[in-house]
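What follows is a short report on a single structure.
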Amino acid sequence: MKTGNLLIMSALVVLTLGLSGCVQNAAPEKKEASKMDWWEEARFGMFIHWGLYSIPAGEWNGSTGHAEWIRTTAQIPLEVYDTLINHFNPVKFDANEWVRMAKEAGMKYIVITSKHHDGFCLFDSEFTDFDVMSTPFRRDILGELAEACHKQGIVLCFYHSIMDWHHPDYLPRREWEKERSVEGADMERYIIYLKNELRELTTKYGAIGVLWFDGEWEDTWSHERGVDLYNYVDNLQPGIIINNRVDKGRSGMQGMTTSDEFKGDFGTPEQEVPATGFPGVDWESCITLNNNWGYNKEDNNWKSPAMVIRMLADIASKGGNLLLNIGPKADGTFPDRSIETLGEIGKWMSKNSSSVYGTSASPFSSLGWGRCTLKPSGKNTLMYLHIFDWPDDGLLVIPGLANKVQKAYLLDGGEKLEFSREEGDITVKVPLNTPDTVNTVVVLLIKGVPVVYEAPVVVPESGDFVDEMSVAVPNIPDETDVLYTLDGSSPGPESEKYAGPLSITGDVTFRAAFFQDGKRISGISWRNFRKVSPVPGISLKGTKPGLQYEYFTGEFDMLPDFQTLRPVKKGVAGGVMFPEDVPPEDFALRFYGYVNIPADGLYYFSLASDDGSCMFINGKKVIDNDGLHGNIEKKAGLPLGKGLHQAEIQYFQKKGGMTLSLSIEGPSGSVSPDSLFFYAGR
């Protein structure tokens, strides 16, 4: 699977407006029945990546960093890779056992790779011999899995790659396949083949829940072809759900479609949980249990059961689904750690699944102690509070909840809990000892639909300043006052009333809340503002515009120790940008030089990358954006004095999207980064 939010702008605007005001009515509107109903109810599914690539188990010619992409990451010639078909014999495969483990873990659907990018099919296809019936196993795996799913009440879904490295008509070839001719290849003929297989998948195995496409990012695929394929599959099995990777509108590995002109029933963030949800938009985070989608025997970087349980609650609290991946071994069994983790998740779900299934997103923008999911209960609402950090004093505070609470209790066991209201907060008295250290769920039955008064938004985000800071509270609702303090105490009825931006010239702790008729109705915002001295810059003679860079090749999952590597290329770049002729995968870059700060002040550096990156200023790491992920931006504010400051930016690229950009904002606004970078010339 390609390593790497639906960032529909209207959805983002709706979310922003909701969080900037103080009242959120979070109850979803009652919808007519739709094909998405079962999927939105499910919230939790199993992804399975399995195929010929499971046989080498991540290793080729002594290199152990491969998985489902091994044919291209190890640059295996087609005729060599094809021989793996003679060794695919998963004699321990038991479809009923796979489905049982998914069901007992609390998963409601399974998405399996009917065909991955290597072109090998796990089903009996009349349109290719490159399928499971040509292996020693000679059993239709999807047929057996379909039977087991239908028997055990799990929805079966198929992942099917648009990209196909095996089919002679698929274009483009891999860049390294110099000897494999494209003569006679016909992409239109390949699409006929693709459609024929999709017809098989949607007619031979009963009702299919989802067709999960991938591999649409290559230039040979187009928006027009995506629309055509969506409509084709929809006509084959009306009611089937089709992900957004059928079309070209995906915003990189963040997986969300950029506008509604593109086809797709849900967005597909990969290997990440979006920072916020997307009101009115369906989405699903697909995430591995370790680092790889396919089986790699050396990959022991396993996520703990606790991490997955909290991740599931986090995703559900934002209105999304979790599709958790398993990479079976070549013999047809799940890795032991996968089995153990599924078992632990199942234990938690057996007691708490009602806080996940059929829930909608939290009405709170954030909760310091955990997450919240919702479910209607007649005219009222069940509010499930997922508590990750148990209160030491036994008092759980729910800020800004305006509704009357009718009942509070522990979901596991039903123990009733006392509760009280203090101004804008609800306080629930919970046991001093944590019932479940991973995620204890407290349930509130509240009257009506949730009404939450969010704490005021305070601008700016950063608390450091050089000379003075203007502090503002925007978007104050009508008939509401903002009362604040500057000494760190909680604002009360006698506190100062906010009448406009404040000029701060020294160290203060700003706290503010919304009040109505003298009573606090929201949570309390707080921000520490600190006056700092800028780090002085230096002057150097003989500097030249740009940054020096060093280029390294290798398979990286995180930024390497560059001191231990030998660069294969050195040069000068105009700024933080890819040098010419950089390949699309498996490399790292180190840029170094100086950033020339034009005047004393606070400067904000925003570094975005896919995959990992970091930034050092004057030898100190100020932005850490390391690791395998889609395009993520991280920001840091620094007090810098006029002059030159040492700067270093590090980056690595593994597979999938390739993005690296830096923006700088100073006291007078945005500054072109390229105009500020210099290196010590000779």
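The values are calculated or read from the model by the stated rules, or taken from the named source; none is laboratory data. Because the structure is a prediction, the values reported are computed rather than measured. Note: ideal-geometry Cβ built from the backbone for every residue, glycine included; neighbour counts use all protein chains shown. The protein model used for the area step is the full one, side chains on, heavy atoms only, and it has no ligands, DNA or RNA in it. Shrake-Rupley method; radii C 1.70, N 1.55, O 1.52, S 1.80 Å.
With each run of n ≥ 4 DSSP H residues scored as -39500 (n - 2.57), what mean residue ellipticity at 222 nm is computed for the chain after dividing by its residue count and rounding to the nearest 500 deg cm²/dmol? After summing the helix terms and dividing by residue count, I get -5000 deg cm²/dmol.
Remark: the Cα gyration tensor places the range 344-387 in the oblate category, a/c being 1.5 or greater and a/b not exceeding b/c. Over the chain, accessible surface divided per residue gives 42 Å², non-protein components excluded, 1.4 Å probe. Among DSSP beta bridges lying fully in the chain, give the percent that are antiparallel, nearest 5. So the antiparallel bridges in the chain amount to around 75 percent. Indicate the gyration tensor shape class of the range 504-580 (rounded, prolate or oblate), computed on the Cα atoms with a ≥ b ≥ c the square roots of the eigenvalues: a/c under 1.5 is rounded; otherwise a/b larger than b/c is prolate and the rest oblate. In terms of gyration-tensor shape, prolate. Here the range 62-203 carries DSSP beta bridges of which approximately 10% are antiparallel, counting only pairs with both residues inside.
Within the straight-line cut-off of under 12 Å between alpha carbons, the aspartates and glutamates reachable from residue 263 are 224, 228, 234, 247, sequence neighbours fewer than 8 places apart in one chain being disregarded. Candidate cross-link partners of residue 635 among the aspartates and glutamates, defined by an alpha-carbon separation under 17 Å and a same-chain spacing of 8 or more, comprise 461, 464, 610, 611, 624, 626, 648, 665.
Each of the peptides 441-451, 410-420, 219-229 was scored by the mean count of other Cβ atoms within 10 Å over its residues; in descending order, highest first, they stand as 441-451, 219-229, 410-420. With a threshold of 28 Å on the Cα-Cα distance, the over-threshold entries among 195/248; 35/204; 379/497; 318/347; 151/204; 297/570 are 379/497; 297/570.
At the residue level, residue 470 shows approximately 70 square angstrom of accessible surface with a 1.4 angstrom probe and all protein chains present.
Accessible surface of the chain, 1.4 Å probe: 49 percent of it comes from carbon and sulfur atoms. Averaged over residues, the count of other Cβ atoms within 10 Å places the peptides 492-504, 63-75 in the sequence 63-75, 492-504, highest first.
Shown here for the range 226-329: GluC sites (Glu not before Pro) in loop regions (DSSP other than H, G, I, E, B) with at most 16 other Cβ atoms within 10 Å, namely 261, 298.
For the range 121-241, what ratio Rg/Rh do Cα atoms give with a Kirkwood hydrodynamic radius? Don't jump to the answer; show the numbers that get you there.
On the way: Rg = 15.5 Å, Rh = 15.7 Å.
On the Cα set of the range 121-241, Rg over Rh gives 0.99.
The protection proxy used here, the mean number of other Cβ atoms lying within 10 Å of each residue, ranks peptides 520-527, 432-439 as follows, highest first: 520-527, 432-439. With distances taken between every two different alpha-carbon atoms, the range 552-682 has a Kirkwood hydrodynamic radius of 15.1 Å. Considering only the Cα atoms of the range 395-511, their convex hull presents on average a projected area of 10.0 nm². Partners of residue 303 within straight-line reach, counting aspartates and glutamates whose Cα lies under 16 Å from its Cα and excluding those fewer than 8 residues away in the same chain: 270, 272, 314, 336, 340, 344, 557. The overall shape of the chain is oblate: from the C-alpha gyration tensor, with semi-axes ordered a ≥ b ≥ c, the ratio a/c is 1.5 or greater and a/b is no larger than b/c.
In this structure the amide hydrogen of residue 535, modeled in the peptide plane, comes within under 5 Å of the amide hydrogens of 640, 641, none closer than 5 places in sequence on its chain. With unit charges on the beta carbon (Lys/Arg positive, Asp/Glu negative), name the residue among 362, 435, 536 whose Cα is farthest towards the positive pole of the charge dipole of the chain. Farthest along the dipole direction, towards plus: 435. Solvent-accessible surface of protein heavy atoms, probed at 1.4 angstrom with all chains present, puts 430, 182 in the order 182, 430, largest first.
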